[in-house]
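Student: Sending over a structure as structure tokens; questions will come in a sec.
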């Protein structure tokens, strides 16, 4: 009962305030301040020397990377929406937002909701300058959505659908609804040795190391930077 | 794709490693990486202001000047930079485009200067960012309108092309009354008759005293019925004639009939004719009376005479949506208030608010703050509602009105500016023409000086003249030589403005031979017609070649010489007038004439042939006047 009365009082007070503002013509005075964005977030990366030590890029490469990074994200961090936006621009025909979401999670190693330059550059270091083992590790981490150490069929299906979404509608041959599922079946047949319905990291790495195509394609992007 | 995102392509490619384990087919080989050259700084010197940027930044847009090999043309070896002799303030924005991928339009820059810079650097203006695009488009449209205005007015004020048909002349006279006296007279006469007709309509209804055996006052129209009828007939005659003439002269009759002014004209004269046909029929006399109302539309014919009326009409047309909104909101408010008023006053006795439509009248009168007082609420509720109604009426009407007013103001100022610009243009053109004629006279001066030195080597050139020749800067000398080459190529000569105009006048007068009493020579008309015919053909006639009507050759020759004498003296004297600092060339004439005659071919002559009228072997050439530079 008293809480009801308290609430009543609060509502009356708010109404009185509203009437007062109506009379004095300051009805919209507050909203301006609220519009200040939370863009006060600024992030400055670690020094060049530290980054050089942490990653396998040299000074010049780090400079080029940072310039490109800062150009697109002046605040120094990428949040998920910006990340999706940037990644989608490379795949104009399809919808790259789902896959970008998974990529974002893969890069955001400290799980703080934003990718800073250190995250960015460390991820790239693995992808471009890491050993095959490290790269495969990274790929496994990407597929393992809940990071529990196992890739289930559902997780793989999600990833596969996201990849096929990037293709868009206009493909040849026409994309059928169960194409991702079929692809997942093939993948599991290849990777799941003990047929327990999940793929562990060891199964994954073993299988990939025995596949020549995969091995060769891992070296494909070594000269990107 | 935005330029900055291109920097993230390496990232996207690296992330593609995530697809590799699930790939169903082997990957294609990556393209060879020929981007090995290091990213260096480029120095851009724009009119002294130095800009620097990375080479890669510029190469983001390879289809622009700075991003392609086209910039190599501007490379300056001595200073190892790219030099552009353009505006550095605008270049700043162009360089920012490369850096950020967004092109902005600075408000303080002139739109055509900006467009020129964009065109120079190969950037299409459509990529201007959303923040500045609207402003850019607005300014551009304004500029186009201004140029269009100027062009239109220029076309109107052009010199009369001599071969307009009668129909075209008439149409031109109708549309631009200031072009000829006849048109002006016609314009004023029609204006006067419009005024007379409207006044007659008004006066016709004034009570004019009583007739003998009547008690009631009669209107002037009934008293002097015949006089008014004659006046009306006369006015309608004039309007009909005018309409028919306009219809005949219109270049596109269908378009003319569709136009507003034509509809107004028809509506103004139709009632009279309909009245003529239907006077005897009793049943339709009521309709006949209604038709007389339409006679008042004659007043709209004044819009041809008044620019202000036209602007008002144009404003109303362009504010159609605001007016529609005003009407709609008023209607809504009227219905609401009338309903409330009706039910509020229903109770009171002897209430004038007998129905909701009856209350409409009260609402309108109150909302527009007229307040006639013929319908007044008596209950308290009614009075409250009435006061709210009048307050809201002020608001509802006051809201769309400023939009209409600002529209009108903009259009009115635009037209004022157009008039001002036209007036300014006249003086501007005058000044430019003076400078141009200065240039022409410089060339003609050079010609007479230069020709001397060209053709006659043995003539001792006056030291002062020699000085004049040498005082010309190099550019002028080369330019003059070029003009001379052109003359030789076409076998025509440059003459000054006055000569051209006089000859043109002769040509236009020659088209109407009966109207040329000013020419003295008897064979002049014949010669003029020859001249005009030659002008029409606009070709160079070598007299020794076959000429049509060859049997008149000799007569033509003589007459053409005869006629050319006058303009020639004009030109000579005008040329001489400009040579204040040099020795007048009259003393050189004997030399000149001799030199000309000894020239075998081509038969082009210099204007200095005053004394050669008698020489029969004088190489005949028709000098068709070409307009000045």
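Student: Can you sort A:99, B:98 so the residue with the fewest Cβ neighbours within 10 Å comes first?
Tutor: In order of increasing Cβ crowding within 10 Å: B:98, A:99.
Student: Here's another thing I want to ask about it. Using helices alone, I'd like the mean residue ellipticity at 222 nm for chain A: each DSSP H run of four-plus residues gives -39500 (n - 2.57), total over residue count, nearest 500. Don't jump to the answer; show the numbers that get you there.
Tutor: Values: 12 runs with 140 residues, N = 225.
Calculated mean residue ellipticity at 222 nm is -19000 deg cm²/dmol.
Student: With a point put 7 Å past each Cα toward its Cβ, work out how far residue B:27 is from residue A:206 in nm, to one decimal.
Tutor: 2.5
Student: Considering every residue in A:65-75, what mean count of other chain Cβ atoms within 10 Å of its Cβ is obtained? Provide the component values of the computation, followed by the final result.
Tutor: On the way: counts 4, 0, 6, 9, 4, 2, 11, 8, 2, 0, 0.
For peptide A:65-75, the averaged partner shielding equals 4.
Student: OK, next. Given R₀ = 45 Å, what would the calculated FRET efficiency be for residue B:75 paired with residue B:487, taking r from the Cβ atoms and rounding to 0.05?
Tutor: Values: r = 41 Å, r/R0 = 0.91.
About 0.65, to the nearest 0.05.
Student: Related question: At 0.36 nm per residue, minus the direct Cα-Cα distance, what do residue A:148 and residue A:185 gain on full extension? Give it in nm, one decimal, please. Intermediate results must be reported in sequence, preceding the final value.
Tutor: Values: separation 37, 0.36 × 37 = 13.32 nm, distance 2.10 nm.
Working it through step by step, the gained length comes to 11.2 nm.
Student: Set the Förster distance to 56 Å, then compute FRET efficiency between residue B:230 and residue B:49 from the Cβ-Cβ distance, nearest 0.05. Intermediate results must be reported in sequence, preceding the final value.
Tutor: On the way: r = 81 Å, r/R0 = 1.44.
Efficiency, from the Cβ-Cβ distance: 0.10.
Student: In addition: With each pseudo-label sitting 7 Å past Cα toward Cβ, what's the residue A:93-residue B:476 distance in nm, one decimal?
Tutor: 6.8
Student: Across peptide B:19-32, what mean number of C-beta atoms from other chains lies inside 10 Å of a residue's C-beta? Mind showing how you got there, number by number?
Tutor: Numbers: counts 7, 14, 19, 13, 6, 5, 1, 5, 7, 2, 2, 6, 0, 1.
Mean number of neighbouring Cβ atoms from other chains: 6.
Student: Need one word for the stretch B:14-137: rounded, prolate or oblate. Basis is the Cα gyration tensor (sqrt eigenvalues a ≥ b ≥ c); a/c below 1.5 gives rounded, then a/b vs b/c decides. Write out the running numbers ahead of the final one.
Tutor: Details: a/c = 3.09, a/b = 1.57, b/c = 1.97.
Oblate.
Student: Take every Cα pair under 8 Å in the stretch A:1-128 that's 6+ residues apart, average their separations, divide by the length, and report that relative contact order as a whole percent.
Tutor: Values: 74 pairs, mean separation 30.3, N = 128.
Reported relative contact order: 24 percent.
Student: In the stretch A:206-225, whose amide N lies under 17 Å from the spot 7 Å out along Cα-to-Cβ of residue A:132? List them in ranges.
Tutor: Of the residues in the stretch A:206-225, A:206-223 have backbone N under 17 Å from the label point off residue A:132.
Student: Ranking B:366, A:109, B:165 by Cβ neighbours within 10 Å, fewest first, what do you get?
Tutor: Numbers: B:366 26, A:109 13, B:165 9.
Least crowded to most crowded, the residues run B:165, A:109, B:366.
Student: Quick one: grab the alpha carbon gyration tensor of the stretch A:1-128, order the square roots of its eigenvalues as a ≥ b ≥ c, and give me rounded if a/c is under 1.5, else prolate or oblate depending on whether a/b is larger than b/c. Could the numbers behind the result be given before it?
Tutor: Values: a/c = 2.85, a/b = 2.63, b/c = 1.08.
It is prolate, given that a/c is not under 1.5 and a/b is the larger ratio.
Student: Ok, one more. Pull out a ≥ b ≥ c, the square roots of the eigenvalues of the alpha-carbon gyration tensor of the stretch A:133-223, then state rounded if a/c is under 1.5, prolate if not and a/b is larger than b/c, and oblate in the remaining case. Before the final figure, lay out each step's value.
Tutor: Values: a/c = 1.72, a/b = 1.25, b/c = 1.37.
It comes out oblate by the Cα gyration axes.
Student: What angle, in degrees between 0 and 90 and rounded to the nearest 10, separates the Cα long axis of helix A:201-210 from the longest principal axis of the Cα atoms of chain A?
Tutor: It works out to around 40 degrees.
Student: Tell me, A:85, B:150, A:177 in order of fewest to most beta-carbon neighbours within 10 Å?
Tutor: Details: A:85 17, B:150 14, A:177 6.
Listing A:85, B:150, A:177 from fewest to most nearby Cβ atoms yields A:177, B:150, A:85.
Student: Under a crude label model (7 Å from the Cα following the beta-carbon direction), how far is residue A:170 from residue B:199 in nanometres?
Tutor: 7.4
Student: Hey, with R₀ at 51 Å, roughly what FRET efficiency would residue B:215 and residue B:349 work out to, going by the Cβ-Cβ distance, to 0.05? List each step's numbers first, then the result.
Tutor: Details: r = 41 Å, r/R0 = 0.81.
Here the calculated transfer efficiency is 0.80.
Student: Just need the relative contact order of the stretch A:133-223 here, percent rounded to a whole number, with Cα pairs under 8 Å and 6+ apart. Each step should come with its number before you reach the end.
Tutor: Numbers: 63 pairs, mean separation 28.6, N = 91.
RCO, the stretch A:133-223: 31 percent.
Student: Right, next: Multiplying the sequence separation of residue B:388 and residue B:192 by 0.36 nm and subtracting their Cα-Cα distance, what value in nm do you get?
Tutor: Numbers: separation 196, 0.36 × 196 = 70.56 nm, distance 4.99 nm.
Computed gain between residue B:388 and residue B:192 is 65.6 nm.
Student: For chain A, what's the relative contact order in percent, using C-alpha pairs closer than 8 Å and at least 6 residues apart? Numbers along the way, then the final one.
Tutor: Details: 186 pairs, mean separation 38.8, N = 225.
Reported relative contact order: 17 percent.
Student: Additional query: Counting only other chains, what is the mean number of Cβ atoms within 10 angstrom of the Cβ of each residue in peptide A:216-224? Intermediate values should be presented prior to the final figure.
Tutor: Details: counts 4, 9, 4, 3, 8, 9, 2, 7, 9.
If you average over the peptide's residues, the count of other-chain Cβ atoms is 6.
Student: Under the 0.36 nm per residue contour assumption, what length would be gained going from the current alpha-carbon distance of residue B:120 and residue B:259 to full extension? Don't jump to the answer; show the numbers that get you there.
Tutor: Working: separation 139, 0.36 × 139 = 50.04 nm, distance 4.37 nm.
Net length gain for the segment: 45.7 nm.
Student: Anyone know which of A:43, A:101, A:28 comes out most mobile in the 10 Å Cα GNM of chain A?
Tutor: With Cα springs under 10 Å in chain A, the top fluctuation among A:43, A:101, A:28 is at A:28.
No lab work stands behind these numbers, since they all come straight from the coordinates. Source: prediction; values computed, not measured. Heads up, the Cβs are rebuilt from the backbone with ideal geometry, glycines too, and the neighbour counts pull from every protein chain shown.
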